[in-house]
1. Those residues that are in contact (Cβ under 8 Å) with a residue 12 or more places away in the chain and either closer than 15 Å to G128 by Cα or exposed (fewer than 13 other Cβ atoms within 10 Å of the Cβ) (or both), I need them from the range 49-70; list them, please.
2. So which residues in the range 74-116 are modelled with pLDDT of 90 or more, β-branched (V, I, T) and either in contact with a Gly (Cβ under 9 Å, 6 or more places away or on another chain) or more than 15 Å from N58 (Cα to Cα) (or both)?
3. For the range 85-99, indicate whether the set of residues that are closer than 21 Å to I126 by Cα and hydrophobic (A, V, I, L, M, F, W, C) is non-empty.
4. Could you check the range 71-109 and list, in sequence order, the residues that are within 19 Å of the chain's Cα centre (by Cα) and surrounded by fewer than 17 Cβ atoms within 10 Å (Cβ to Cβ)?
5. Of (1) at pLDDT below 95; (2) crowded, with 16+ Cβ neighbours inside 10 Å; (3) closer than 19 Å to A189 by Cβ, R4 satisfies all except one. Which?
6. Considering only residues of the range 175-188 that are surrounded by 12 or more Cβ atoms within 10 Å (Cβ to Cβ) and without any contact (Cβ under 8 Å) to a residue 40 or more places away in the chain, which is farthest from W68 (Cα to Cα)?
7. Is it the case that some residue within the range 154-174 is touching a helix residue (DSSP H, G or I) at 6+ places or on another chain (Cβ under 7 Å), modelled with pLDDT of 95 or more and within 29 Å of A48 (Cα to Cα)?
Amino acid sequence: MYMRKLILFFSVVIAGLFLTSCLEAGDSNFSGQRQLFYITQLEGTQVAHNGDFVMTSNEIKSKDPDRWYLITWSWSTENGMVSTNVHNAITPEIEQIPLGVYSQQEAPQETMTPVLNFNMVGGLPIAGSFGDFLIVQYVWNKKEGEKVQAKLYNETTQPDATDTYILELRLEKSGTSTETSGKNVDGFAAFDVSSLRSLVNFNGQDFKDIQLKFNYYKENAGQPTSVTQPVRIYKN
């Protein structure tokens, strides 16, 4: 249930309804907790944006550009503006979203780390302005000393008439466990899926709305669990 609420929360965030006013309506005082922002360069300044709100800070300027982050932030009129559209924010917490690996090939069939729950973060287009990233969230059982890397596979075959592309999720585990039982934890991964464009027929349009069907395996499951979600992909 926690993961479902979090996914829905991020969908609202990216839709542009993320601003949480700290005061009554009309006051210019906003904040957010662990919200998704893309850090990149804008007119010579390193900023964080989500397609609607743009901000910067000393911490934002020190992070790796062209990556997605979870940022806890606040801004008020007293903080002022760096430029016309860039807010001078306070950012006490910035967490980088780990990179996943996307491959256009058949997924391996060896023993897999179970995925307890999964969803794609909704509302984000696959677009150059966002680094062509696709962001997913998953739950797995972590033991002390272990970590996983998320990987997505899809074969280079054209979709059916519904423009549905099938992606296989695998969690590649590494490290040595130092305990016998673990705990369920949330994980995020950002995948550069720019090469997915080579499989899409845009029919002369600038973008296309497609369906992504994610297959993943739960514990002791012989058949995959599937989640299908829409996404808009831009030609350039």
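The values are calculated or read from the model by the stated rules, or taken from the named source; none is laboratory data. For clarity, every value in this text was computed on a predicted model and none was experimentally measured. With ideal geometry, Cβ positions are generated from the backbone for all residues, glycine too; neighbour counts draw on all protein chains shown.
1. The first filter runs over the range 49-70 and keeps only residues in contact (Cβ under 8 Å) with a residue 12 or more places away in the chain, leaving 49-57, 59-61, 63-70.
If the condition is that a residue be in contact (Cβ under 8 Å) with a residue 12 or more places away in the chain and either closer than 15 Å to G128 by Cα or exposed (fewer than 13 other Cβ atoms within 10 Å of the Cβ) (or both), then H49, N50, G51, D52, D64, P65, D66, R67, W68 are the ones that fit.
2. Scanning the range 74-116 gives T77, I97, V101, T113, V115.
3. Within the range 85-99 (the criterion being closer than 21 Å to I126 by Cα and hydrophobic (A, V, I, L, M, F, W, C)), the answer is yes, since at least one residue qualifies.
4. If the condition is that a residue be within 19 Å of the chain's Cα centre (by Cα) and surrounded by fewer than 17 Cβ atoms within 10 Å (Cβ to Cβ), then T72, E93, E95, Q96, P98, L99, V101, S103 are the ones that fit.
5. (2)
6. At the first step, the residues of the range 175-188 found to be surrounded by 12 or more Cβ atoms within 10 Å (Cβ to Cβ) are 175, 177, 182, 184-188.
This time we only want the ones that are without any contact (Cβ under 8 Å) to a residue 40 or more places away in the chain, so: 175, 177.
Values: G175: 25, S177: 29 Å.
This residue is S177.
7. No, the range 154-174 contains no residue that is touching a helix residue (DSSP H, G or I) at 6+ places or on another chain (Cβ under 7 Å), modelled with pLDDT of 95 or more and within 29 Å of A48 (Cα to Cα).
Residue-by-condition table, conditions (1) surrounded by 13 or more Cβ atoms within 10 Å (Cβ to Cβ); (2) outside any loop (DSSP other than H, G, I, E, B); (3) among the charged types (D, E, K, R):
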position	(1), (2), (3)
A190	yes, yes, no
N201	no, no, no
K208	yes, yes, yes
L212	yes, yes, no
N215	yes, yes, no
N220	no, no, no
P230	no, yes, no
I233	yes, yes, no
